[in-house]
1. Tell me which residues, restricted to region 122-144, are farther than 13 Å from A104 by Cα, open to solvent by less than 10 Å² (accessible area, probe 1.4 Å) and in contact with a Leu (Cβ under 6 Å, 6 or more places away or on another chain).
2. Tally the residues that are charged (D, E, K, R), open to solvent by 40 Å² or more (accessible area, probe 1.4 Å) and more than 27 Å from D74 (Cβ to Cβ), restricting the search to region 248-276.
3. In this structure, is M218 out of contact with any helix residue (DSSP H, G or I) (no Cβ under 6 Å at 6 or more places or on another chain), open to solvent by less than 50 Å² (accessible area, probe 1.4 Å) and not acidic (D, E)?
4. Taking the condition of being in contact (Cβ under 8 Å) with a residue 12 or more places away in the chain and either farther than 30 Å from I203 by Cβ or of a type outside the set (A, V, I, L, M) (or both), how many residues in region 284-303 meet it?
5. If I filter region 264-283 down to residues being in contact (Cβ under 8 Å) with a residue 40 or more places away in the chain and in a strand (DSSP E or B), which single residue comes out as farthest from E162 (Cα to Cα)?
6. On the given criteria, is V63 away from ligand 1 (no atom under 15 Å from the Cβ) and either more than 24 Å from F297 (Cα to Cα) or open to solvent by 50 Å² or more (accessible area, probe 1.4 Å) (or both)?
7. So, in region 171-197, of the ones that are within 15 Å of P235 (Cβ to Cβ), open to solvent by less than 20 Å² (accessible area, probe 1.4 Å) and not hydrophobic (A, V, I, L, M, F, W, C), which residue ends up nearest to ligand 1 (Cβ to nearest atom)?
8. Any idea which residue in region 1-43 is farthest from D103 (Cα to Cα), counting only those that are of a type in the set (A, V, I, L, M, F, W, C), open to solvent by 10 Å² or more (accessible area, probe 1.4 Å) and not in a strand (DSSP E or B)?
Amino acid sequence: MKKRKIILDCDPGHDDAVAILLASSYEEIDLCALTIESGNQALEKTSRNALNLVQYLSLDVPVAKGEAKPMVRDAQICPEIHGESGLDGYEFPPLYKKCVKQDAVTLLKEMLTKDEYTIVATGPLTNIGVLLKKYPEVKNNITEIVLMGGSIGFGNVTPAAEFNIFCDPEAADIVFTSGIKVTMIGLDVTRKILITNKINEEIKNINNKVSALFYPLMKVFIENQKKVFGFDGAPLHDPATIVYLVKPEIFKTKFMNVTIDVSKGPSYGRTNCDQFDYLKLKKNAFVVLDVDVDAYFEEIKNCIKKY
Ligand code: BDR
Ligand code: CA
């Protein structure tokens, strides 16, 4: 089987952590690198979380530390959902694994100069924005960018904006206007895939090394989503990118024009998705509209059972 080579650009983060463990469990995917940025927590913390996960899962995958700040605006973090560490809920053993010497943008440039990759992005798009600005020639070797971010409807940090895009609207604008194939999985879909305590208990009963990590992490994630949004379950946003790559048939998508609001007004960071083609602008993104929720959680469970 020809595996799809991916680079996962992320800010772990509870749901980023699940994306990492899914990416490394699917035989259809070859997880070639993790590039990290600030987002759910400051860069030092998100990088440490990535290293802890890679070490825990015994993955032979380079981890590169990326951008500490968005391209234009001030850094945003999200401790109310992901905690002080960015991955509250599990005490990892002592950490020996280290980041590679290159920064994320340099590693991305080196890899994309030699080969083609799909980029999966589950954090703010800063690393990719900086990459495309500095080295636009690598575009030709990016097969596709599949990202979690944005929303057709409501935001989750402002009425209009979703966290990843809100963190770095200017980087998102570079990505969406790059001409690269972009698939966007936004809140409209990820707020349907709520991991509940019931599903978390079922996963606990898988009773292996990964379920032992997954369960306490998700417990904190579920509690925090309840506190902040009043949800009875936590939207398992980021792993949708990985499931989408392997099982696109459980998602419904539509090709449309998406523009990023970079106006710095009340809708700063909004993804304006022209679902009904009002503006007759050039279509530039496949936007996911729907997902088969049961099939999604079956995938999550099956991946965890593989460990
Ligand atoms: C996104 O924001 C982060 O907190 C999550 O990890 C996810 O990538 C959801 O808005
Ligand atoms: Ca994330």
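1. The one that is farther than 13 Å from A104 by Cα, open to solvent by less than 10 Å² (accessible area, probe 1.4 Å) and in contact with a Leu (Cβ under 6 Å, 6 or more places away or on another chain): V138.
2. Filtering region 248-276 for residues charged (D, E, K, R) gives 249, 252, 254, 261, 264, 270, 274.
Checking the rest, the ones that are also open to solvent by 40 Å² or more (accessible area, probe 1.4 Å) come to 249, 252, 254, 264, 270.
Subset that is more than 27 Å from D74 (Cβ to Cβ): 249, 252, 254.
So the answer is 3.
3. Numbers: out of contact with any helix residue (DSSP H, G or I) (no Cβ under 6 Å at 6 or more places or on another chain): no; open to solvent by less than 50 Å² (accessible area, probe 1.4 Å): yes; not acidic (D, E): yes.
For M218, the condition - out of contact with any helix residue (DSSP H, G or I) (no Cβ under 6 Å at 6 or more places or on another chain), open to solvent by less than 50 Å² (accessible area, probe 1.4 Å) and not acidic (D, E) - is not met.
4. If we filter region 284-303 for residues that are in contact (Cβ under 8 Å) with a residue 12 or more places away in the chain, which is where we start, we get 284-293, 295-297, 299-301, 303.
From what is left, the residues that are either farther than 30 Å from I203 by Cβ or of a type outside the set (A, V, I, L, M) (or both) are 284-286, 290, 292, 296-297, 299, 301, 303.
Here the count works out to 10.
5. Per the criteria, the residue is C273.
6. Numbers: away from ligand 1 (no atom under 15 Å from the Cβ): yes; either more than 24 Å from F297 (Cα to Cα) or open to solvent by 50 Å² or more (accessible area, probe 1.4 Å) (or both): yes.
Answer is yes for this residue.
7. Let us first name the residues in region 171-197 that are within 15 Å of P235 (Cβ to Cβ), namely 185-197.
Okay, now just the ones that are also open to solvent by less than 20 Å² (accessible area, probe 1.4 Å), so 185-187, 189-190, 193, 195.
If we keep only those that are not hydrophobic (A, V, I, L, M, F, W, C) too, we end up with 186, 190.
Values: G186: 9, T190: 7 Å.
Among residues in region 171-197 that are within 15 Å of P235 (Cβ to Cβ), open to solvent by less than 20 Å² (accessible area, probe 1.4 Å) and not hydrophobic (A, V, I, L, M, F, W, C), the one nearest to ligand 1 (Cβ to nearest atom) is T190.
8. My answer is M1.
The values are calculated or read from the model by the stated rules, or taken from the named source; none is laboratory data. In this text the structure is predicted, and so the values were computed from the model without any measurement. Note that each Cβ is placed from the backbone with ideal geometry, even for glycine, and that neighbours are counted across all protein chains shown. Calculation scope for accessible area: heavy atoms of the full protein, side chains included, ligands and nucleic acids excluded. Shrake-Rupley method; radii C 1.70, N 1.55, O 1.52, S 1.80 Å.
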